[in-house]
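The values are calculated or read from the model by the stated rules, or taken from the named source; none is laboratory data. Everything quoted here is computed from the prediction, not taken from an experiment. Note that each Cβ is placed from the backbone with ideal geometry, even for glycine, and that neighbours are counted across all protein chains shown. The area values use the complete protein model at the heavy-atom level, side chains included, leaving out ligands, DNA and RNA. Shrake-Rupley method; radii C 1.70, N 1.55, O 1.52, S 1.80 Å.
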Amino acid sequence: MTLIHLGTGFSQNPERFTLIPRWKTAVAGVAMTLAASCGCASHPDSAPVSITFSDGFSSTHPIGKGGAQPFREYLEEHGPGVGLDVEYFAAGQLGKPKDALHLLRAGAVDISPFIPAYLSNDIPLSSVGELPGLVEDPCAGVEALMPMMKPGGSIYEEEMKEQGVVPLWGVMIPNYKVFTTNKPITRPSELEGSLIRTPGGVGDRVVRELGASGVILSNSDLYEAVARGTVDGAIFPEMSVKSYSLQEVLKYVADDANLYTTTVLYAVSADQWQSFTEEQKAVLDKASEVAQEGACRSLLEAQESARAAILDADVEFVHIDESTKQEWNSALTPIRDNWISDLESVGLPASSVLSEFEDRLAKENR
């Protein structure tokens, strides 16, 4: 019997959960050792593999509602037939997002979602889909990216394999825009000298290229920072503004300037993946397919409702005409070149990875 921990720390609204005692992990390890020593085989009617699933997002968040919950439900329905059971863990109980890869490598958890933007020193190539001006449709974006992330794919072979993880499914959060509190922004030059919150990763590059100074803050700390004037604004996805009541303190948004996209990946440790039977892998693959498709649909729906809610709160959407939009595009173009040169200076094939992603994205957008 094997115990799988699937944990993270994204949600601000953790749900009730049942903690599975750690001693059961030890018992499982002893059982596996005895089975191996006696030459016993594992059968579907033997004690099932228990997958403890900690949803990285609340059940009302678009990723939780459209992706993680269907993932869980599919495993609950189809898992028992191949010897898989599901135990639910609330968000944040087994580690924070920035610690996800470490926890996977250490064997503290077996499956966990993580955000490449938080881990740009460990998995820099995985942020290729976040570069400005690439992804307009998050569903097309993740469909283009995931084959590169899985075994045999270019990003997997370059960095995921070394990290000891196998991505199962992913999602892209689109439409990161610059929100401000004191003045409307129409041109990138108007951000010079501003203090702008950034979530890290490519967001840091965007803020620097626009002439502003980046301030790294958690989502939960952003409201107070804006209200107190600690920062002048934030690069933030429209979809998440209302979740943190930011429409109360952020008064303007530069519309039509889609600065970048954030990637979220759900992965299993490579060692655990290899321990699954082919039938168990097939169920996990199908559950991942259901989750990825559902999360994309849910995000698109959330995007529409979020925009309406922001408008209802009297946040001003500052229109950017076509000529001014070119100024934004020109200001952001060097980010790709700098990303390539920085990564290739340490021996990573950034140029070829970007070209492959662009080719795959073009096919998905047809």
Here the qualifying pairs (Cβ atoms under 7 Å; residues six or more apart or on different chains; first in the range 57-81 and outside any helix (DSSP H, G or I); second open to solvent by 50 Å² or more (accessible area, probe 1.4 Å) and among the basic types (Lys, Arg)) come out as Ser59/Lys65
Quick count over the range 161-202, residues being in a helix (DSSP H, G or I), open to solvent by 10 Å² or more (accessible area, probe 1.4 Å) and of a type in the set (A, V, I, L, M, F, W, C), is 0
Inside the range 123-160, the number of residues satisfying the requirement of being at pLDDT below 95, among the β-branched types (Val, Ile, Thr) and part of a helix (DSSP H, G or I) is 0
By residue number, the members of the range 324-356 that are farther than 20 Å from Asp204 by Cβ, touching a residue at least 40 places away in the same chain (Cβ under 8 Å) and in a helix (DSSP H, G or I) are Thr324, Lys325, Glu327, Ser352, Glu356
Check: For Glu190, are the conditions met, namely being under 18 Å from Glu130 (Cα atoms) and among the acidic types (Asp, Glu)?
Finding: no
Scanning the range 268-287 for residues that are free of Cβ contacts under 8 Å to residues at least 12 places away in the same chain and either outside any helix (DSSP H, G or I) or under 15 Å from Val165 (Cα atoms) (or both), the one least open to solvent (accessible area, probe 1.4 Å) turns out to be Lys281
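Among residues belonging to the range 91-118 that are more than 23 Å from Lys65 (Cβ to Cβ) and among the charged types (D, E, K, R), point out the one that is surrounded by the fewest Cβ atoms within 10 Å (Cβ to Cβ). Spell out how you get there, then give the answer.
Restricting attention to the range 91-118, the residues satisfying the condition of being more than 23 Å from Lys65 (Cβ to Cβ) are 98-99, 101-108, 110.
Checking the rest, the ones that are also among the charged types (D, E, K, R) come to 98-99, 105, 110.
Numbers: Lys98: 13, Asp99: 20, Arg105: 16, Asp110: 22.
Filtering the range 91-118 for residues that are more than 23 Å from Lys65 (Cβ to Cβ) and among the charged types (D, E, K, R), the one surrounded by the fewest Cβ atoms within 10 Å (Cβ to Cβ) comes out as Lys98.
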Quick count over the range 324-341, residues being over 13 Å from Pro188 (Cα atoms) and open to solvent by 70 Å² or more (accessible area, probe 1.4 Å), is 1
Exercise. Answer yes or no: is there a residue in the range 211-229 that is in a strand (DSSP E or B) and at pLDDT below 90.
Key: yes
Output for Cβ contacts, cut-off 9 Å, separation at least six or different chains, first residue open to solvent by less than 40 Å² (accessible area, probe 1.4 Å) in the range 219-230, second of a type in the set (S, T, N, Q), reads Val226/Thr181
Within the range 306-323, of all residues that are part of a loop (DSSP other than H, G, I, E, B) and touching a helix residue (DSSP H, G or I) at 6+ places or on another chain (Cβ under 6 Å), the one most open to solvent (accessible area, probe 1.4 Å) is Ala313
Across the range 130-152, the tally of residues that are in contact with a Leu (Cβ under 9 Å, 6 or more places away or on another chain) and free of Cβ contacts under 8 Å to residues at least 60 places away in the same chain stands at 1
